[in-house]
Amino acid sequence: MMDKLVRFILRNSGWVLLFSFLFTIPCIYWSARLYGNLKPDLEELLPKQSRSVKDLAEIRNRLQTIDYLAVLIFTENPKAGKKFSIQLANELQKAVPNTISAIEYKIENELKFFDDRKALFLDLKDLKQIRDFIDKKIEYEKSLYNPLNIVSGVDLKEPILDLKEMLHKYESQSSEFSHFPEGYYATPDGKKRVVLAYLPTHSGGAKGMADLKSTVEKAISDLNPKTFSPDMTIRYTGGVQVTLEELGALVTDVEKSAEIVFLVVTLLLYLFFGSWIATIALFISLFMARFWTFAFGWFSVGYLNANSAFMGSIVLGSGITFGVILLSRYLEERRSGYGPLRAARISMIRTARATLTAALAASAAYGSLFLTNFEGFRQYGILGFSGMVFCWISSVLIFPALLIQIEKRKSLIKNKKPRKSLIFGLLCRIMNKIPATILTLSVALTIFSIYEISQLQIENVIETNLGNLRNKKTMTEGGAFCFRFLDEIFQHYLTPIAILTKDQNQAREVEKEILKKKADPTTSELIASVQTIDRFIPPFQKEKIALVGEIKSELPPRIFNRLGQSEQKMAKELLKYSSLQPFSQGDLPPLILDKFTERDGSIGKMVLVEPPLTNSLWGPTEIETLIHTLRDTADKVAQTTSPGSTLPIAGNLTVTSDLLEAVSADGPRATLFAFLSVVGLVIIIFRKPNVVSLMLFALVLGNLWMFGIMLAWGLKINFLNFIALPITFGIGVDYGVNIFHRYRHEPSKDILKVVRETGGAVGLCSLTTITGYSSLLIAGNQAFVSFGRLAVLGEVTSLIAAVVTLPSLLLVIQKLRAPAFKAGKVINQI
């Protein structure tokens, strides 16, 4: 069957190429559409049914805005900075509500609104205490000047009231707003200012963010900051800026990675095969497979996330293995004197089983990721699985047909002298002289790896600080770096965790329950503040107004004049006429009211929870504790009226928590499935116990070393580089399969001869794969760097285990020729 298929492909090579090219043309278009739809947001890595993803979608549907672009203004001239921020805000207001939903740069009106109503925000008991103090003060004054008391010598105690302590309660509630100079968003010295431009939820996505940023940049350019002050500089931060930076960096990294892989792999192929034409032919077949892969990805996935964006380079680096093995055998047969058709037929038949096994092993490893719920693994698995399949199909369908058509016009063989690998020739001589030493070193590395694994503590291996996985430039000098200036200006968490309830009463219940958690010592340090709209609407207003009226009418001028200067000032603030006017939530300033207003116009159904500013230093336990506490508390309130219901909760930390849980749950599952799949595949294909045991020996050894070195090196597992673990199982079998498949057909059963002659092609395959992974090391995104580092490590350990340690083991066994286990018998049975 296989022979007939090969003959058909070779005899109809022209038609095969024609139909393949025609099929590839629309695939190029679909591939471009897939690459044009990059989504770098972390929530895109989570499954659609994930709690944080569903909650985030619900909150986006209900709220008018959830993200913003912060324009930071730096100048040593505070007046110029203030003037520029006012004019910029006025200019940006023209874009509301199209590309911008709202503008914020000052809070002076809001501060005045609450400052005029200080008395209403004091506790009722404090106002009663003030009234009682005045009554006692009046009585004291009467007694002090009573002649009878003077004659009697009674020691009268003067009533004391600490107005400062009472007002301190109010100031502590408003401290997050009152520190702004003149009510403008700025540092106390006015040298750093910020203008916030909010993104409308209907304009979400990369295009809406780009339009917002473009609108802001144009306004700034038209105003020309240098005309306000020569030293004025503008920087950007906020969720919009960070997303745009990471998307731009991701596109740049993908392009740069593809260029590096193409150039380095092209050079490696030419140096090894000595033919530009053969190298180009190999790349043509490989790029066709790549287009097929991403066209399939367009219909099966529809977009690329932060994990799958680099699959183009990975497919090029890993998928070229099958073509390299076939081309190496093809040129070997041509140098032996066979014509193109005969050489192509032999190379296809003799390498098909080995390359198919390697392709299936790699596909099984990738396929294990497809079975997980974690979207960051799943997309990678779909594209990796299909990529390996399509690359193998292209290597046995397109590539041989190309070789036949090329050789009709120009021979690929200039010198019939066999090309040998100098590196693997030297390696074989070393293995032949000191196989026992190599084996001893391998055993030592294995013991070291086992020791490192035995000391494993999961909490020390999982990466929890997502800042270490973002774009390096963004974190060190870009938008994420500039978040520190927002913290300096606002002095509190600007993007709190939002909980949406069904009505205002439910919001009050949720707030009350979370405040209990804030008072609990086990969770108090995880919650900085809890807010609802009630925080801005003081209770018992009528009673307080009545008390203020009593105080004003009862306070005699003589007593007021005897108060200290600071106390007189505080008393005047408390007794303003506006304090006698009640207000409701509809009277609140727009800046406050809009934050608690939903798209449908409903008000007050949101609870905002602010974590401490130091949350970037938290570990997985603290993050998961906070998120589970908030979810359990909110859901418990919801289920008192509607059993089984939940409340949407969204914020950066909810996504982080779900990411950590998804990796912890799906990572080990994918790894185990990949291992079992590869083991099962080896057993099915090779069947003989001796062969299977040798294959699995190399597989286990390579992965054991990788784990040990990873732990010793201090590399941490994250939502991306976990992929390298199951993939390495496929790699661990790949090289051993190609070496031992050729060994089984070698009449002399000389393992060193096989390594010497086939090792070059296997080494080239490894170098191309390492090049694909190494291209990630220059990426700005540190998650990709961590993946590239771990994947290269797995590639190297797998290659050494299969091509160095395993042959050395066979040589030692053969030399010992132990009576109970003769190597010759073992080797001859392979």
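The values are calculated or read from the model by the stated rules, or taken from the named source; none is laboratory data. Model, not experiment: these values are computed from the prediction. Every residue, glycine as well, gets a Cβ built from its backbone with ideal geometry; the counts of neighbours run over all protein chains shown. Heavy atoms of the whole protein, side chains included, go into the accessibility calculation; ligands, DNA and RNA do not. Shrake-Rupley method; radii C 1.70, N 1.55, O 1.52, S 1.80 Å.
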Per 0.36 nm of contour for each residue apart, how much would the distance between Thr522 and Glu477 grow if the chain were fully extended, relative to their Cα-Cα spacing? 12.6 nm
Modelled label-to-label distance, Asp487 and Phe448, 7 Å Cα→beta-carbon offset: nm? 3.8 nm
Project the alpha carbons of the chain onto their principal axes and report the range along each, largest first, in whole Å. 133, 63, 54
Cβ-defined net charge surrounding Ala783, 10 Å radius [Lys, Arg +1; Asp, Glu -1]: 0
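Using the Kirkwood radius over C-alpha pairs as Rh, can you work out the diffusion coefficient of segment 583-671 via Stokes-Einstein at 10 °C, viscosity 1.306 mPa s, in µm² per second?
Working: Rh = 15.8 Å.
Translational D for this selection: 100 µm²/s.
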Approximate spin-label separation Leu124-Ala712, in nm, with each point projected 7 Å along Cα-to-Cβ: 7.1 nm
Please determine, in degrees from 0 to 90 and to the nearest 10, the orientation of helix 652-686 with respect to the longest principal axis defined by the Cα atoms of the chain, where the helix direction is its Cα long axis. 10 degrees
Cβ-Cβ FRET estimate between Gln568 and Lys226, R0 fixed at 41 Å, reported to 0.05: 0.30
Restricting everything to alpha-carbon atoms, can you work out Rg to Rh for segment 72-137 with a Kirkwood hydrodynamic radius? 1.31
Exposure rank, largest accessible area first [Trp15, Trp298; 1.4 Å]: Trp15, Trp298
For segment 459-538, state which GluC sites (Glu not before Pro) are in a DSSP loop and have at most 14 other beta carbons lying within 10 Å of their beta carbon. Glu477
With respect to the cross-link table entries Lys125/Lys595; Lys82/Lys191; Lys79/Lys572, which display a Cα-Cα separation exceeding 20 Å? Lys125/Lys595; Lys79/Lys572
Binned Cα-Cα distance frequencies in segment 308-381 - 10 Å width, integer %: 19, 35, 24, 15, 6, 0
Ordering Ile717, Ile603 by how much accessible area each has at a 1.4 Å probe, largest first, what is the list? Ile603, Ile717
Along segment 281-288, what does the Karplus equation 6.51 cos²θ - 1.76 cosθ + 1.60 (θ = phi - 60°) give for ³J(HN,Hα), rounded to whole Hz, x for Gly and Pro? 4, 5, 5, 4, 5, 5, 5, 4
Search the structure for amide H atoms under 5 Å from the amide H of Lys192, placed 1.01 Å from N in the peptide plane, and list their residues when 5 or more places away or on another chain. Thr187
So if each residue of separation counts as 0.36 nm, and I subtract the Cα-Cα distance between Leu371 and Lys79, what length gain in nm does that give? 99.1 nm
Rough spin-label spacing in nm, given labels placed 7 Å along Cα→Cβ, for Asp635 and Leu426: 6.1 nm
Once you've got the Cα coordinates, tell me which of Lys213/Lys473; Lys83/Lys226; Lys112/Lys605; Lys39/Lys256 are over 23 Å apart. Lys112/Lys605
